[in-house]
1. Determine if the range 35-51 includes at least one residue that is more than 21 Å from residue 201 (Cβ to Cβ) and either in contact with a strand residue (DSSP E or B) (Cβ under 6 Å, 6 or more places away or on another chain) or without any contact (Cβ under 8 Å) to a residue 60 or more places away in the chain (or both).
2. Looking only at the range 1-51, which residues are farther than 30 Å from residue 152 by Cα and out of contact with any helix residue (DSSP H, G or I) (no Cβ under 9 Å at 6 or more places or on another chain)?
3. Among (1) in a helix (DSSP H, G or I); (2) within 20 Å of residue 130 (Cβ to Cβ), where does residue 18 come up short?
4. Being closer than 20 Å to residue 101 by Cα and either touching a residue at least 40 places away in the same chain (Cβ under 8 Å) or surrounded by fewer than 21 Cβ atoms within 10 Å (Cβ to Cβ) (or both): is that true of residue 85 here?
5. Considering only the range 98-112, I want to know if a residue exists there that is assigned to a loop (DSSP other than H, G, I, E, B), more than 17 Å from the chain's Cα centre (by Cα) and more than 24 Å from residue 212 (Cβ to Cβ).
6. Just checking, which of 127, 132, 67, 110 is closer than 30 Å to residue 183 by Cα, crowded, with 21+ Cβ neighbours inside 10 Å and either touching a strand residue (DSSP E or B) at 6+ places or on another chain (Cβ under 8 Å) or in contact (Cβ under 8 Å) with a residue 40 or more places away in the chain (or both)?
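The values are calculated or read from the model by the stated rules, or taken from the named source; none is laboratory data. Not measured: the values here are computed from a predicted model. With ideal geometry, Cβ positions are generated from the backbone for all residues, glycine too; neighbour counts draw on all protein chains shown.
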């Protein structure tokens, strides 16, 4: 009989934690922003919260939590194609833990499609993961301590003083609201770096029968 795997089971798995820690360290060496357990936990929570607000089942919320927590595990192999690598790693790890194949498939497809370079929302768990992942824009993700040597990615993340994603069932909208310090980065900088991600958010919201809205410094841009 297959086991009902929870986020707590995944959190306690030493192999999963080791791969996630190594992936984050690999990205640090390459100069990428933080992809630690902080990011994983935040994405897991927000993905589940989105589905909960939209009335999806508790189990679908559980799967979104697990997919959100594990979504960047493929960085232990390489940043390139990390979504697909992560999906294959999740297949092996979750199958070994005894998870039902249908549930493994849902998580695999969510992880394998979360990157804007190659993915697209394919199911509610996938859509919630995308929205949660792309909304994590914050100063504490920047690991470069020298402001003078910030690249545009560092500036955009560092300039974000507040980021929140919300769901309004009555209006049929999922809104990402950002507060950006204009002295550190302009709104145009944000669009230059993140427009592809925001378009992916739009597709994810549509799959959930919602409209995606982007608000920066109280100005609605999408």
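1. yes
2. 1, 8, 12, 14
3. It is condition (2) that residue 18 fails.
4. On the way: closer than 20 Å to residue 101 by Cα: yes; either touching a residue at least 40 places away in the same chain (Cβ under 8 Å) or surrounded by fewer than 21 Cβ atoms within 10 Å (Cβ to Cβ) (or both): yes.
Answer is yes for this residue.
5. At the first step, the residues of the range 98-112 found to be assigned to a loop (DSSP other than H, G, I, E, B) are 98, 100.
Adding the requirement that they be more than 17 Å from the chain's Cα centre (by Cα) leaves 98, 100.
Then drop every residue that is not more than 24 Å from residue 212 (Cβ to Cβ), which leaves 98, 100.
Yes, the conditions are met somewhere in the range 98-112.
6. Values: 127 fails: closer than 30 Å to residue 183 by Cα; 67 fails: closer than 30 Å to residue 183 by Cα; 110 fails: closer than 30 Å to residue 183 by Cα.
Sole residue among the options that is closer than 30 Å to residue 183 by Cα, crowded, with 21+ Cβ neighbours inside 10 Å and either touching a strand residue (DSSP E or B) at 6+ places or on another chain (Cβ under 8 Å) or in contact (Cβ under 8 Å) with a residue 40 or more places away in the chain (or both): 132.
Quick grid of which residues meet (1) modelled with pLDDT of 85 or more; (2) closer than 27 Å to residue 64 by Cβ; (3) within 17 Å of the chain's Cα centre (by Cα):
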{"position": "133", "(1), (2), (3)": "yes, yes, yes"}
{"position": "136", "(1), (2), (3)": "yes, yes, yes"}
{"position": "152", "(1), (2), (3)": "no, no, no"}
{"position": "155", "(1), (2), (3)": "no, no, no"}
{"position": "167", "(1), (2), (3)": "yes, yes, yes"}
{"position": "170", "(1), (2), (3)": "yes, yes, no"}
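Conditions tested, residue by residue: (1) over 17 Å from the mean Cα position of the chain (by Cα); (2) over 15 Å from residue 114 (Cα atoms); (3) not in a helix (DSSP H, G or I).
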site	(1), (2), (3)
60	no, yes, no
64	no, no, no
69	no, no, no
91	yes, yes, no
